[in-house]
Structures are given as C-alpha cells and as structure tokens.
Amino acid sequence: MKKKLLLGVCLIAVFVFAGCVSTALAFVFDPEIPEDQMSSLWVPNYIKVTQFDGKTVSWIAPPLSSGPVRVGVPSGEYTFYIDTEVTGNNIAGVPTVRNKSFTKNFETGKGYQLILRNGEIVLLDLE
C-alpha cells in the first residue's frame, strides 16, 4: 500500500514538474527587460539558435526534451541565425542547415516557433 502511494506521489510530482518546465523561460536574451514586455520564441531540440541581434547565443532544447523550449526575446525587428542539430534523438529527415538567417519583427506578448515543415526550417507566428 505504501509503495502504491509513493508511486502515485512521484507520478504527480513528475507531471507537475513537466508542466512547469514546458512554459517557463529556458533562455532570456536581455534579463533587463520584464517578461511581460518580451516575445516568446519556441526552439525545438533539432534547431540551435546561434546568433541573435549580432550576439552569439546557444539556444536549443535538451536532446531528450519532449517539446521546444521557450526563449524570451525583446520586441522589435531582429536578425538571428540557426543551425540544425541532428542526433539520434531528433526527428528523422531534419536537413543539415548551417548559418541560416531569419529577420522578424517580434511583437510584445506574441509567440513564434521554429519548426521543420516539408524538409525546411520555418518560423511560424503562433498568435
């Protein structure tokens, strides 16, 4: 009986922790900017953002993560660069991409996501 209770408590803790991780900011470009004045860029584990606004960064979800990580970026127009990170844990068919640039006007409170679509990496507006 105690083992079942312990197992139940552990499972609940795992689900609560997983829910918190999926929405928390994993990276922040400028910690001086309040979160409510940022945009969210969602980055999966097969894409690595290598440069943002001329500064070197290393934004990527952990290899075994179940979804993308959320990055807090300032509002405004920025150019950023990505590489793909292809490992055994990632989606099959991810193309090798090096130094691909995106320019986007990030709007306060809006979300954007990098994804693989039809063999290409694209940036989607979520809201």
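Between residue 107 and residue 65, 0.36 nm times their residue separation minus their Cα-Cα distance comes to what?
Details: separation 42, 0.36 × 42 = 15.12 nm, distance 2.68 nm.
Length difference between fully extended and current span is 12.4 nm.
Would you kindly state how much longer the chain becomes between residue 98 and residue 58 on full extension, computed as 0.36 nm times their sequence separation minus their alpha carbon distance, in nm to one decimal?
Details: separation 40, 0.36 × 40 = 14.40 nm, distance 1.37 nm.
Gain on extension, residue 98 to residue 58, equals 13.0 nm.
Within a Cβ distance under 13 Å of residue 30, other residues only, what is the Lys/Arg minus Asp/Glu net charge? Please report the intermediate quantities before stating the final value.
Details: positive: 55; negative: 32, 35, 53.
So the environment of residue 30 carries a net charge of -2.
If you place +1 on the Cβ of every Lys and Arg, -1 on the Cβ of every Asp and Glu, and leave all else neutral, what size is the dipole of region 26-125 about its Cα centre, to the nearest 20 Debye?
380 debye
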Exercise for the section: Between the alpha-carbon centers of region 48-76 and region 110-127, tell me the distance in whole angstrom. Expected result: 13 Å
Handout entry: Contour excess over end-to-end distance, with Cα ends at residue 125 and residue 37 and 0.36 nm allotted per residue
Key = 30.0 nm
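No lab work stands behind these numbers, since they all come straight from the coordinates. This is a predicted model, so every value here is computed, not measured. Cβ sites come from the backbone with ideal geometry, for glycine too, and all protein chains shown count toward neighbours.
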